[in-house]
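The values are calculated or read from the model by the stated rules, or taken from the named source; none is laboratory data. Remember, it's a predicted structure, so these values are computed and weren't measured experimentally. As a convention, Cβ positions derive from the backbone with ideal geometry for all residues, glycine included, and neighbour counts pool all protein chains shown. When the accessible area is computed, the model is the full protein with side chains, heavy atoms only, and any ligands, DNA or RNA have been set aside. Shrake-Rupley method; radii C 1.70, N 1.55, O 1.52, S 1.80 Å.
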Amino acid sequence: KWLLNNRVNLNRMKKQLIGLIGIVISSTVMAQNTNTVFSVFTGGGVSHISKTNSNVFQNFHRGITIGTGVTHFLSPKWGLSSGLSVDLSQSDLTLNSMFEMPDIDSEGDAYSRRVYYSDWKERQRIYHLSIPFAVTYRLNPGKTWEWLVSTGTKLSLPLSSRYKVQQG
């Protein structure tokens, strides 16, 4: 039974791989069409890594994105976009707090353990590999200058992360 299940999964993976190769080949063929736009981009803005503790002060840093993309227009104004990018998210956190938890000492007596954090500073950096998926609208098609407006989502996979306590 185990061998049969693994064979079914292997066959499914082969079909998915063949489908992915077909998409790449068809994308290469579509790239010869004038309705396909290739792009190389860089970007930035405020980035942070979310924390939910109210005793944490968060200092935001600049995020950076570098990538490439392709948009294929299905009509003169509407298209679908995707691509690949590497993104950097980073933040500095300062923790000033006291945590209290029940504990038992070496003699078996219960007491309340308190841990104080004063000016605990840490820096976090995460690099992601991102794959965006978007719907794109083209303003002023066929003219000298065209504007592309896109909305969508992206799948981000962590490549590496770093965490450093600077003081505390």
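Could you please find all residues in the stretch 99-153 being surrounded by 10 or more Cβ atoms within 10 Å (Cβ to Cβ), more than 30 Å from K77 (Cα to Cα) and hydrophobic (A, V, I, L, M, F, W, C)? F99, I104, W120, I126 - these are the residues of the stretch 99-153 that are surrounded by 10 or more Cβ atoms within 10 Å (Cβ to Cβ), more than 30 Å from K77 (Cα to Cα) and hydrophobic (A, V, I, L, M, F, W, C). For the stretch 84-98, a residue qualifies if it is open to solvent by 20 Å² or more (accessible area, probe 1.4 Å) and either under 13 Å from I126 (Cβ atoms) or modelled with pLDDT of 85 or more (or both), and the qualifying residues are L84, V86, S89, Q90.
For L80, the requirement of being closer than 22 Å to G44 by Cα, among the hydrophobic types (A, V, I, L, M, F, W, C), assigned to a strand (DSSP E or B) and out of contact with any Gly (no Cβ under 7 Å at 6 or more places or on another chain) is not met. All of S82, S130 fail the test of being among the polar types (S, T, N, Q) and farther than 15 Å from T36 by Cα, apart from S130. Could you tell me whether R62 is open to solvent by 100 Å² or more (accessible area, probe 1.4 Å), charged (D, E, K, R) and at pLDDT below 70? So R62 does not fit the description; no. In the stretch 149-156 there is no residue that is free of Cβ contacts under 8 Å to residues at least 60 places away in the same chain, of a type in the set (G, A, S) and assigned to a strand (DSSP E or B).
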